[in-house]
Amino acid sequence: MGDTTIGLLHPGEMGAAVGQCLAGAGHRVLWAPEGRSAATAARAAAAGLVACGLAEMVRRCDLIMSVSPPHAALDIARQVAGFGGVYLDANAISPATAREVAGIVEAGGASYVDGGIIGTPPVAPGFIRLYLSGPRAGELRDLFDGSPVDARLVDRGAGSDVGASGAGVSGAGPIGAGGDVGSASAVKMAYASWTKGSAALLLAARALARAEGVEETLLAEWGISQPGLDERSARAAGSAAAKGWRWIAEMEEIAATMAAAGLPGGFHQAAAEIYRRFGSAGRAGDEAGLDALVRNSPDRSDEKSF
């Protein structure tokens, strides 16, 4: 896919950074400003992206890449109806949702590649991995050669790297090969089930201690027996305040992935509820978010003592 024109939907913090990497590698990267905020426009300009209408993007692009909150993945796929190039969904969605997106875009004539992003916005090599799967995944991996994005193929049954799930990772391999649609999303779901799921559990533990009036004692005990956990809980609160609204749907996608694999989905349904309760209150600060968790706890003032 040399001399490639790429459409990006949409240049949020991560999307803009990935778009900048592609533009820096010599590709033309378009974005659609209609309905987007001034902050998004500023990010796109800083990343060297070129504004155009959505219809023009569908007409001109060889590849369209969706990097958005997971709740928007299906709607974005429907918006590019009639696109005949390669469609990469790099959102935090379940394998089942990935296959649903694939069905939508393939019905319109596009080829589908499944993607999962792990890491922070790429500012230097090593900050981010983009896992890819699907018949044309290898072509997309090659687009990122020489960029800060470490693009990797996920291949179910890939030699010595195979885990219990049967999925392995290949940094090299046949051009175009890339395992099953849904495999890259499965990597993302498994990874985020711990990183963001455990962060939600920390927030729940802090909220429980606050509701019972023993938060300072808990923090002191963490300092003794779990060094660093108090700082990690503070980081979890800061991240939830800034981005937790994006993670509600992601936790629900993880819960669905767990259930589809025969595993309990309740862990991550609860995590979704934690991020939902943290919600807009967290934008006023970490303490406001934690207070919101406590305020949303059941009122036990009229419980009887025995």
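The values are calculated or read from the model by the stated rules, or taken from the named source; none is laboratory data. Model, not experiment: these values are computed from the prediction. As a convention, Cβ positions derive from the backbone with ideal geometry for all residues, glycine included, and neighbour counts pool all protein chains shown. Heads up: the accessible areas ignore ligands, DNA and RNA and are worked out on the full protein's heavy atoms, side chains in. Shrake-Rupley method; radii C 1.70, N 1.55, O 1.52, S 1.80 Å.
Each residue, Arg232 and Ala51, gets one label point 7 Å from its Cα in the Cβ direction; the gap between the two is 4.4 nm. Pull out a ≥ b ≥ c, the square roots of the eigenvalues of the alpha-carbon gyration tensor of the stretch 188-231, then state rounded if a/c is under 1.5, prolate if not and a/b is larger than b/c, and oblate in the remaining case. Cα axes put the stretch 188-231 in the oblate bin. How far, in degrees from 0 to 90, does helix 229-260 lean away from the longest principal axis of the Cα atoms of the chain, to the nearest 10? Taking Cα atoms only, the helix is inclined about 60 degrees. Measure nothing fancy, just the Cα-based angle from helix 266-278's long axis to the longest principal axis of the chain, in degrees from 0 to 90, nearest 10. Result, in degrees: 80. Overall, the anisotropy analysis places the stretch 1-149 in the rounded class: the square-rooted eigenvalues a ≥ b ≥ c of its C-alpha gyration tensor yield a/c less than 1.5.
Count Lys and Arg as plus one, Asp and Glu as minus one, and take only other residues whose Cβ is under 14 Å from that of Thr4; the net charge is then -1. The C-alpha atoms of the chain define a longest principal axis, and helix 95-107 lies at about 30 degrees to it.
I need to check one value: relative contact order of the stretch 172-254, counting alpha carbon pairs closer than 8 Å and at least 6 residues apart, in percent. Once normalised by length, the contact order is 38 percent.
Taking only the C-alpha atoms of the stretch 53-95, the Rg (one decimal) and the largest Cα-Cα distance, Dmax (whole number), read 10.3, 30 Å. Taking a ≥ b ≥ c as the square roots of the eigenvalues of the Cα gyration tensor, an a/c ratio of 1.5 or more together with a/b larger than b/c marks the stretch 58-144 as prolate. Simple spin-label estimate for Ala270 and Arg60 gives 5.0 nm between the two label positions (7 Å along the Cα-to-Cβ direction from each Cα). In units of the rule-of-thumb radius 2.2 N^0.38 Å, the chain shows an alpha carbon radius of gyration of 1.08. Residue ranking by accessible heavy-atom surface, 1.4 Å probe, largest first, among His71, His27 comes out as His71, His27. If I model a spin label as a point 7 Å beyond the Cα along the Cα-Cβ vector, how far apart are those points for Ala25 and Ala220 in nm? With each label point 7 Å from Cα toward Cβ, the separation is 5.4 nm. Note on Ser198/Ser37: beta-carbon distance plugged into 1/(1 + (r/R0)^6) with R0 of 22 Å gives a FRET efficiency of 0.10. Please give the per residue accessible area of the chain, computed with a probe of 1.4 Å over protein heavy atoms only, in Å². With the other protein chains kept in place, the chain gives 46 Å² per residue.
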